[in-house]
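Any read-out appearing in this document is the output of simple, stated calculations on the displayed coordinates, not a laboratory observation. Computed from a prediction, not measured in an experiment: that's the story for all the values here. All Cβ positions, even for glycine, are placed from backbone atoms using ideal geometry, and neighbour counts span all protein chains on display.
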Amino acid sequence: MLQRNNRWPASVLGMMLYTLVFIFAHHFWADAAEQTVRGQPELLLFLLPGVLMALLYPESPLISTLWIALSGTLLGMAWVWITVPMTHSWLLIVAWSLSALFWAGCGALLVRLLRIMLAMRAE
C-alpha cells in the first residue's frame, strides 16, 4: 500500500502514462481518417495505465484509475488540440475519450479480478 506522501508521485506517474498513451493512440486514430471502416485496437493500450494505477492504489483501484484517467484525458486533449489541427468533430473526440476511459477502467477491474482469484486460490 502507498503511504500518504507517495500518492502524488504515483498519481503524476499514472497521469503521464495515460497522457502518453492518449497521444500515441490519437496519432493512429487521426492518421486513419481516410479509411471508411476500421477497428481501433490501439484503444487496448489504455489497459496499461489502468493496470498500473490499480497496482499503485490497491485500496480503491477503480476510482483512482478513473480520476487519473479523466485528468490524463483532459491533459491529452489539450496537448492534441494545441499541436494538431482539428479534423474531426468534438462529439467524435469525446466519444473516443470516453472509450479510452472505459478501457482504463477495465484494466483496473482486471487487476481486481486477478487479486480476488489469487485470494480464493490461496484459501
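Treating the beta-carbon of each Lys and Arg as +1 and of each Asp and Glu as -1, no other charges, what is the dipole magnitude of the stretch 30-123 about its Cα centre, to the nearest 20 debye?
Numbers: 4 positive and 5 negative charges, 46 e Å.
My answer is approximately 220 debye.
Our summary gives the chain a relative contact order of 36 percent, counting only alpha carbon pairs under 8 angstrom and 6 or more residues apart. From its DSSP helices (H runs of at least four residues, each -39,500 (n - 2.57)), the chain gives a residue-normalised ellipticity at 222 nm of -26000 deg cm²/dmol. Using 0.36 nm per residue and subtracting the Cα-Cα separation, the extra length available between W79 and E123 on full extension is 11.1 nm. Taking only the C-alpha atoms of the chain, the Rg (one decimal) and the largest Cα-Cα distance, Dmax (whole number), read 15.9, 56 Å.
Taken along the Cα-to-beta-carbon direction at a fixed 7 Å, the label points for H88 and F102 span 1.4 nm.
Between R7 and R115, the modelled label-to-label distance comes to 1.5 nm, taking each label 7 Å out from Cα in the direction of the beta carbon.
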